[in-house]
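Q: Quick one: structure below, then a few questions.
The values are calculated or read from the model by the stated rules, or taken from the named source; none is laboratory data. Keep in mind that what you see is a predicted model, and the values were worked out from it rather than measured. Cβ placement follows ideal geometry from the backbone for every residue including glycine, while neighbour counts extend to all protein chains displayed. Ligands, DNA and RNA are stripped out before the accessible areas are found, and what is left, the full protein with its side chains, is counted by its heavy atoms. Shrake-Rupley method; radii C 1.70, N 1.55, O 1.52, S 1.80 Å.
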Amino acid sequence: MSRSAHPAGPRHADVLPEGHYTAPAADLNVLDPKVWAQTVTRTASGSVSVGGIDVASLAEEFGTPAYFVDETDFRARARAWRTAFGHDADVFYAGKAFLSRAVVRWLHEEGLNLDVCSGGELTTALSAGMPADRIAFHGNNKSVAEITKAIEVGVGRIVLDSFQEIVRVAHIAQSLGKRQRVQIRVTVGVEAHTHEFIATAHEDQKFGIALADGQAAEAVRRALTLDGLELIGIHSHIGSQIFDMAGFEVAARRVVSLLAQVRDEHGVELPEIDLGGGLGIAYTSDDDPREPHEIAKALGEIVTRECEAAKLRTPRISVEPGRAIVGPTAFTLYEVGTVKPLEGLRTYVSVDGGMSDNIRTALYDAEYSVALVSRTSDAEPMLVRVVGKHCESGDIVVKDAFLPSDLAPGDLIAVPATGAYCRSMASNYNHALRPPVVAVRDGEARVIVRRETEEDLLRLDVG
Ligand code: LLP
């Protein structure tokens, strides 16, 4: 297996064997549409453009490193999810993948809802005009201040993550004279990784309330008795970068059996289930992600079938894709600074960013692709490792890839599929300045998150 993936919890050892790399593509100048945003293309002059604008002029105007988001592609993917799930289901974009006010507006315009997991994400969503009732509030340790604000502004649902939180949210809602719509996040004993899943009785991680040992059923019982809460459903999220629908199938079956148990014990049919996010994208040409309509069809069929078997009304389904919407829509543009061949090993290509703008390779052994984008080249492929400028050897952006052997300082290279969990997990390590996010559409480019400046760093450092 050539990919690594992990759930929203501990790091998993699903990594490549040492020294692994795939063979070079037949022609390094060809951009695989699987991994590049929709409007990215190589122009007649040999350089690459996005949204009709050449990367060289983007680099000149906005500098490097920088993230460029293909707005057309983002909107198309958001719309595809919305259309695939139709009117009987809701799509909540997971803001943790990447959130900015422009993105919130695009989502709003395309009819999507929003999943936030912190006060900061909530504020961003509200300040860009997302109606509060279309926001779901997540988190395993929401603060009293966050819960209070979420209830005051009227978020559509709070996803309860522990027994203590059930009481906490109920108490705060009641003291505000409100009844808050909530879901309970359950852990279904399914851990999904890219092409496989493991179904176990227990999960050793921090999120949710276990279905095992009747704990989730007890959580439902408690939530139903509290005046401050209106329990609307059950939530499950099984992992990230998943291609295999079998994990969702087991999760859906287990959630539906809880709904049946709730009906039998309390005479209540909960109207909603949320199956979370986690759908995989192509980081390299080896990855084959599912299309939204296939996912919608598969999930709909599983839930309908299980509900029919349990003689339950089919609940309204919601999903929370983050990576699958924004991931493929952006690339990071870097300038090559040094090229260092290590005889018999590989060539290290150092760029002007690194683990501060993409921590995923260091953190998860994530795989990425890379291409020379400022020109074409017919030189032989060379095995490279694209590294950053940070003071540690784990500062790797692309572990194994091929670039033309005439690569030189000043060339622009781009890493595709960096829309999700790159800017949102960026850091100021070594006092790096976090790169801007530039949206490109129909020949126009505009900064949606500006580049940090040294003044920004000094502003936080009060001396
Ligand atoms: N819903 C819930 C409750 C989640 O915890 C997550 C992700 C999502 C939805 C969205 O998952 P997505 O569709 O984006 O896979 N930093 C990691 C990913 C952590 C995901 C955390 N939760 C990475 O860079 O791969």
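Q: Calculate the radius of gyration of the Cα atoms of region 331-463 to one decimal place, then report Dmax, the largest Cα-Cα distance, as a whole number, both in Å.
A: Here Rg and the maximum Cα pair distance are 15.5, 53 Å.
Q: Using the heavy atoms of the protein chains and a 1.4 angstrom probe, tell me the accessible area per residue for the chain in square angstrom.
A: Using a 1.4 Å probe on heavy atoms only, each residue of the chain averages 41 Å².
Q: For region 59-188, give the percent of accessible area contributed by carbon and sulfur heavy atoms, probe 1.4 Å, rounded to a whole number.
A: Values: 2230 of 4700 Å².
Answer for region 59-188 is 47 percent, counting heavy atoms of protein chains only.
Q: List the aspartates and glutamates whose alpha-carbon lies under 15 Å from that of LYS389, not counting same-chain residues fewer than 8 positions away?
A: Counting by Cα, and skipping residues close in sequence, LYS389 has these aspartates and glutamates nearby: GLU335, ASP352, ASP357.
Q: Another question about this same structure. Sort 42-48, 102-108 for me by packing, meaning the mean count of neighbouring Cβ atoms within 10 Å per residue, highest on top.
A: Working: 42-48: 14.3, 102-108: 21.6.
By packing density, highest mean first, the sequence is 102-108, 42-48.
Q: Cβ neighbours within 10 Å, averaged per peptide: list 86-97, 180-191 in order, most packed at the top. List each step's numbers first, then the result.
A: Values: 86-97: 21.8, 180-191: 24.0.
Those peptides, ordered most packed to least, come out 180-191, 86-97.
Q: Rounded to the nearest percent, how much of the accessible area of region 332-374 (1.4 Å probe, protein heavy atoms only) is carbon and sulfur? Let's see the in-between values first.
A: Numbers: 830 of 1530 Å².
Reported share for carbon and sulfur atoms: 54 percent.
Q: Continuing with the same structure: Go through region 410-427 residue by residue and turn each phi into a ³J(HN,Hα) via Karplus (6.51, -1.76, 1.60, θ = phi - 60°); whole Hz please, and just put x for glycine and proline.
A: Taking θ as phi minus 60°, the curve returns x, 5, 9, 10, 10, 10, x, 6, 9, x, 9, 6, 10, 4, 5, 10, 5, 10 Hz for region 410-427.
Q: Highest mean first, how do 335-341, 65-71 rank when packing is the count of other Cβ atoms within 10 Å averaged over residues?
A: Values: 335-341: 15.1, 65-71: 26.6.
My ranking of the peptides, most packed first, is 65-71, 335-341.
Q: May I pose another question? Cross-link candidates for LYS96: which lysines have Cα within less than 17 Å, leaving aside residues fewer than 8 places away along the same chain?
A: Excluding near neighbours in sequence, the set is LYS142.
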